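The structure appears right after this line, and notes come after that.
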Amino acid sequence: MTPWGEVALTHRRGSFQLRASFSFDREIGVLFGPSGAGKSSLLRLLAGLERPEEGRFCLGDRVLVDCARRIFTPPHRRRVGMVFQHLALFPHRTVEENVAYGVRDQDPLQARETARQWLRRVHLEGFEGRYPSQLSGGQSQRVALARSLAASPELLLLDEPFSALDGPLRRSLRRELRRLHEETKIPVIYVTHAIEDACALGHRVFFLQDGACTGSVKVEHLWNGSAQGEVFEALRWGNLLSGEFVLRDHKRFFSWDGGMLEVALPAEGCPGPGRVFIAPHDVKVLYEGVVVDEDLRANVVCGIVGENLTLGSLCRLSVETSSGVWQVEYPSGAYDTMDLKEGCAVRLAIRPGSVVPLGDGRKERER
Amino acid sequence: MDEALRLSLEVLAVDVPLMILLGVPLGWLLARKAFPGRKVLELFVLIPVVLPPSVLGLYLLLALGQLPGVRAWRLLFSFPALILGALIPALPLVVQGARAGFSSVSRDLEDAARTLGDSEWRVFFRITLPLARRSLGAGLALGTARALGEFGVSLMIAGNIPGVTQTLPLYIYSRAEALDFAAAHGAALLLAAVGVATLIFVRHLEEGRHDPVG
C-alpha cells in the first residue's frame with residue numbers, strides 16, 4: 001500500500017537549511033525535536049505558507065508540490081488544515097463564525113449548522129455567540145481544533161498548540177484529539193518538544209534535529225530495548241536514565257547508578273525496573289548559596305561543565321557527572337552571572353514533575 | 001458662504017474616494033511588503049507633513065507649470081488644482097492610519113484564513129481589512145478634516161477665486177481681510193465644529209480598539 005502522504009522537501013532560510021524526507025499514513029504522526037530544529041518551518045512548508053527550494057509533496061492522489069515540474073499549490077487549495085501555536089482565532093468573529101469560516105461548498109445557513117455540530121463534538125455547545133477574547137485557554141484550543149476540522153482537511157497540522165496548558169487540561173485535550181482522529185480518520189501531524197506528548201498521542205514519531213528529519217519510529221517501538229538506543233542516537237538530545245522505580249514513604253522515587261530522583265508523575269509498573277526521560281530544558285542550574293524553592297531541592301545532581309555551546313538564543317551545556325553526561329538547555333543570558341566555563345563545578349536540579357517515567361519497554365499511553 | 005461651502009463639499013466628494021484609493025494601498029504596501037526604495041517612499045509620503053504649505057504649494061506650482069498640457073487645459077487656478085491642493089497634505093494622514101492598522105493585524109490570522117481556504121483577496125476583505133478598520137477610519141477622518149481645512153497649498157496653486165476656487169478656509173480669509181467679521185465667524189464656527197466632531201469620532205474609534213469585537 002502506498003502511503004497517504006509523501007514529503008521530500010528542501011528549504012533554506014539564511015544559513016538554516018531544512019531537509020525533510022518522510023512518508024505518513026492516515027495516522028497521528030508526532031514530529032518531535034528540540035526547539036530550533038525547524039519544526040514550525042516544516043509545518044509552514046506543508047501548509048503552503050512558504051515555498052520550498054526544491055522537492056515534492058504528495059497528499060492522497062494529489063501532487064501539491066513538485067519543484068521540478070513547477071507545481072506549487074497555494075495554501076487555500078491544499079486542504080491542509082493548521083492549528084497555530086497561538087491558535088490565531090479571528091478576534092472579530094464569534095466562536096460559531098470562526099468555526100464556520102472554512103466550511104466549504106455550503107450556503108451560509110448550512111455552514112452555521114455544520115459549525116454548531118462541530119462545536120457539539122468538542123463539547124462547546126452554548127459558546128456559539130462568544131468572542132475568542134471571552135474564552136479560557138482550553139476552550140480556545142477546542143475552537144481552533146473545531147475550526148480546522150470543519151474545513152474537512154485531508155491533513156491536519158498542529159504546531160504545539162497545547163504547550164501553554166497545564167497537565168490535566170493538556171491530557172484531556174490529547175484524549176480529545178485522539179478521539180476526533182479516530183472518528184474522522186483525518187491524518188494528523190503534531191509538532192512538539194515534549195516527549196510525553198509524543199508518547200500519549202502518536203502512532204508514529206518523526207525526529208527532527210538541526211533541520212534534518214533523521215527518521216521515524218512507531219510509538220510502540222519507541223521505548224523497547226532495540227529501538228531506544230537507536231532513537232536517542234539519532235536525536236542526540238535529552239537525558240534518558242535506566243534504573244528502577246521504588247516506593248518510599250508513599251512517594252515515588254527512581255533509583256539509578258547516579259542516585260535517587262523523586263518522581264511526581266504516575267509511573268506504570270512501579271515499583272519495578274523502568275526508564276525516565278528528562279528534557280534538557282527541564283534541568284536547572286542552581287546558584288551557589290541561593291535559597292531555592294522546595295520543588296527544586298528534591299533532586300540535585302552534581303557535576304562538572306564539559307562543554308558550553310551557545311546556539312543563537314539557546315545555550316546547551318554538557319555536564320559530566322559520576323553517572324554519565326547530562327544535557328542542559330537554557331535561554332542565552334539566563335545564567336550569565338555564574339560564568340559557566342568548562343571545568344566549573346555545578347549543581348543541577350530537576351523538579352519531580354519534570355521526570356517523565358517511561359515504563360520498561362512497554363508503550364506508555366494514557367486512557 | 002453658500003458657494004464656498006458647496007465648493008468645499010465638492011472637493012471632499014472627489015478627494016475622499018481618492019484618499020481611499022491611494023492611501024489604503026500605499027499603507028498596505030508600507031506595512032506588509034519589503035521592496036527596494038521602501039525607505040525613500042516612506043519619507044516621500046511624509047514630506048507634505050513637514051513642509052510649510054506655502055513651500056509645498058510653490059514647488060507644486062513650479063513643477064506643474066512644467067508639465068505639458070497643464071497650461072493648455074488651464075488646470076492651475078481651477079477646480080482640479082483645488083482637488084490636488086487638498087489631497088496632497090491629507091494623504092499622509094490616511095497612509096499613516098492605514099499602515100498602523102495593517103501592521104497591527106497578526107500574520108498568523110491571515111495565514112490561518114489561507115489554510116481555511118481563502119484566496120489572497122478573500123483574506124484581505126474578510127480578515128485584514130475588518131481588523132484594520134478602526135485605524136483606517138481614524139486616518140481617513142483626520143485626512144478628511146485636513147482636506148476640508150486646506151488653505152496654503154490651495155492658495156498657491158488654485159488661487160482664491162470666488163465661485164471657482166474659493167473654499168471655506170479661503171472664504172474666511174477673504175471676509176476677515178474685508179473686515180466682514182460676521183461672515184467670517186459663521187464659516188469659522190462651522191469648520192471648528194467639524195474639526196471637534198472629527199476629534200471626538202477618532203477618539204471613539206481608538207478607544208474601541210480593545211473591545212472583544214476588535
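The values are calculated or read from the model by the stated rules, or taken from the named source; none is laboratory data. In this text, all values refer to a predicted model and were calculated from it rather than measured experimentally. Because the Cβ atoms are built from the backbone with ideal geometry, glycine has one as well, and the counts that use them run over all protein chains shown.
Screening A:10, A:73, A:94 for residues that are in contact with a strand residue (DSSP E or B) (Cβ under 7 Å, 6 or more places away or on another chain), among the polar types (S, T, N, Q) and farther than 26 Å from residue A:193 by Cα leaves exactly one candidate, A:73. The residues in segment B:114-123 that are more than 7 Å from chain A (Cβ to nearest Cβ) and touching a strand residue (DSSP E or B) at 6+ places or on another chain (Cβ under 7 Å) can be counted, and the count is 0. For segment B:77-92, the condition of being without any contact (Cβ under 8 Å) to a residue 40 or more places away in the chain and over 29 Å from residue B:205 (Cα atoms) holds for at least one residue. Looking across segment B:68-111, the residues that are under 26 Å from residue B:44 (Cβ atoms) and touching a Phe, Trp or Tyr at 6+ places or on another chain (Cβ under 7 Å) come down to B:98, B:102. Taking every residue in segment A:64-76 that is closer than 25 Å to residue A:103 by Cβ and within 14 Å of another protein chain (Cβ to nearest Cβ) and pairing it with any residue that is of a type in the set (Gly, Ala, Ser) and surrounded by fewer than 16 Cβ atoms within 10 Å (Cβ to Cβ), at least 6 positions away or on another chain, the pairs with Cβ-Cβ distances below 7 Å are A:76/B:119. Just to be sure before I move on: is residue B:50 more than 14 Å from chain A (Cβ to nearest Cβ) and surrounded by fewer than 20 Cβ atoms within 10 Å (Cβ to Cβ) in the structure I sent? Spelling it out, residue B:50 is indeed more than 14 Å from chain A (Cβ to nearest Cβ) and surrounded by fewer than 20 Cβ atoms within 10 Å (Cβ to Cβ). Of note, residue B:58 satisfies the criterion of being over 20 Å from residue B:23 (Cα atoms), away from chain A (no Cβ under 14 Å) and not charged (D, E, K, R). Looking at A:102, A:81, just one residue is at the interface with chain B (Cβ under 9 Å from one of its Cβ atoms), touching a strand residue (DSSP E or B) at 6+ places or on another chain (Cβ under 9 Å) and not in a loop (DSSP other than H, G, I, E, B), and that residue is A:81. The selection criterion, being more than 9 Å from every other protein chain (Cβ to nearest Cβ), crowded, with 20+ Cβ neighbours inside 10 Å, within 30 Å of residue A:64 (Cβ to Cβ) and in contact (Cβ under 8 Å) with a residue 12 or more places away in the chain, does not hold for residue B:144. For segment A:100-148, filtering for residues that are of a type outside the set (Gly, Ala, Ser) and touching a Gly at 6+ places or on another chain (Cβ under 7 Å) leaves 2. Has segment B:101-113 got any residue that is of a type in the set (Val, Ile, Thr), closer than 30 Å to residue B:205 by Cβ, within 14 Å of chain A (Cβ to nearest Cβ) and surrounded by 15 or more Cβ atoms within 10 Å (Cβ to Cβ)? Yes, there is a match, as at least one residue in segment B:101-113 is of a type in the set (Val, Ile, Thr), closer than 30 Å to residue B:205 by Cβ, within 14 Å of chain A (Cβ to nearest Cβ) and surrounded by 15 or more Cβ atoms within 10 Å (Cβ to Cβ).
When A:109, A:87 are checked against the criterion of being surrounded by fewer than 18 Cβ atoms within 10 Å (Cβ to Cβ), at pLDDT below 95 and not acidic (Asp, Glu), A:109 stands alone in meeting it. Exactly one residue among A:132, A:91, A:161 is closer than 27 Å to residue A:45 by Cα and within 9 Å of chain B (Cβ to nearest Cβ), and that residue is A:91. Taking each residue of segment A:308-334 that is farther than 13 Å from residue A:36 by Cα and looking for partners that are surrounded by 12 or more Cβ atoms within 10 Å (Cβ to Cβ) and of a type in the set (Phe, Trp, Tyr) with beta-carbon atoms closer than 9 Å, six or more apart or interchain, yields A:317/A:326; A:317/A:330; A:317/A:335; A:318/A:326; A:319/A:326; A:320/A:326; A:323/A:256; A:327/A:237. When residue A:153 is tested against (1) crowded, with 22+ Cβ neighbours inside 10 Å; (2) over 17 Å from the mean Cα position of the chain (by Cα); (3) away from chain B (no Cβ under 14 Å), exactly one condition is not met: (3).
Among the conditions (1) within 14 Å of chain B (Cβ to nearest Cβ); (2) surrounded by fewer than 21 Cβ atoms within 10 Å (Cβ to Cβ), residue A:120 misses just one, which is (1). Just so you know, in segment A:52-63 the residues that are part of a loop (DSSP other than H, G, I, E, B) and surrounded by fewer than 16 Cβ atoms within 10 Å (Cβ to Cβ) include one that is nearest to the other protein chains (Cβ to nearest Cβ), and it is A:60. Out of all the residues in segment A:273-289, is one or more more than 28 Å from the chain's Cα centre (by Cα) and either among the aliphatic types (A, V, I, L, M) or at pLDDT 85 or above (or both)? Checking segment A:273-289: not a single residue is more than 28 Å from the chain's Cα centre (by Cα) and either among the aliphatic types (A, V, I, L, M) or at pLDDT 85 or above (or both). Which one is surrounded by the fewest Cβ atoms within 10 Å (Cβ to Cβ), of the residues in segment A:312-344 that are small (Gly, Ala, Ser) and touching an Asp or Glu at 6+ places or on another chain (Cβ under 9 Å)? Selected residue: A:322. Counting only helices (runs of 4 or more DSSP H) that sit wholly inside segment B:1-113, those with at least 3 residues that are in contact with a Pro (Cβ under 9 Å, 6 or more places away or on another chain) are B:2-32, B:38-50, B:79-103. Filtered by the rule that a residue be in a strand (DSSP E or B) and within 15 Å of residue A:352 (Cα to Cα), segment A:270-284 gives A:275, A:276, A:277, A:278, A:283, A:284.
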